[in-house]
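Everything below concerns the one structure shown next.
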Amino acid sequence: MAKIVLTRALRRFADGQAEFELEVRTIQALFRELGTRFPAMRRHLEEGVAVAIDGQIYQDALFEEIPEGSEVHVIPQIAGG
């Protein structure tokens, strides 16, 4: 299982939940599970969010693996400029 942490902006789409555990192996599986559990969040996941796995930030890396016991933060996507 991985510990999933949502930013304040996404918590409102998750019935106020900030942290919970999920059995997911990739970022794609995480997004699919979040979209199933919290349909209101689906659009925001599709528009783009970044994921930090144990402190390492990933953008556009749907097939990145989530190791067992990881802490995963779902955060607004970081724009460059």
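Just so it is clear, none of the values below were taken in a lab; they were calculated from the coordinates. All values reported here derive from a predicted model rather than from experimental measurement. We place every Cβ from the backbone using ideal geometry, glycine too, and count neighbours over all the protein chains shown.
Its alpha carbons considered, region 2-76 gives a radius of gyration followed by a Dmax of 10.8, 27 Å. Want the number for Ala29 to Glu47: 0.36 nm per residue separation, take away the alpha-carbon distance, what's left? Working it through step by step, the gained length comes to 4.8 nm.
Using 0.36 nm per residue and subtracting the Cα-Cα separation, the extra length available between Ile75 and Arg11 on full extension is 22.0 nm. Only the Cβ atoms of Lys and Arg (+1) and of Asp and Glu (-1) were treated as charged; on that basis the dipole of the chain about its Cα centre amounts to roughly 400 debye.
Across region 2-76, the mean sequence separation of Cα contacts (distance under 8 Å, 6 or more residues apart), normalised by length, yields a relative contact order of 41 percent.
Applying 0.36 nm per residue to the separation of Thr36 and Phe63 and subtracting their alpha-carbon distance, the gain on full extension is 7.9 nm. Taking other C-beta atoms within 10 angstrom as a stand-in for reagent exposure, Leu34, Leu62 fall in the order Leu62, Leu34, fewest first.
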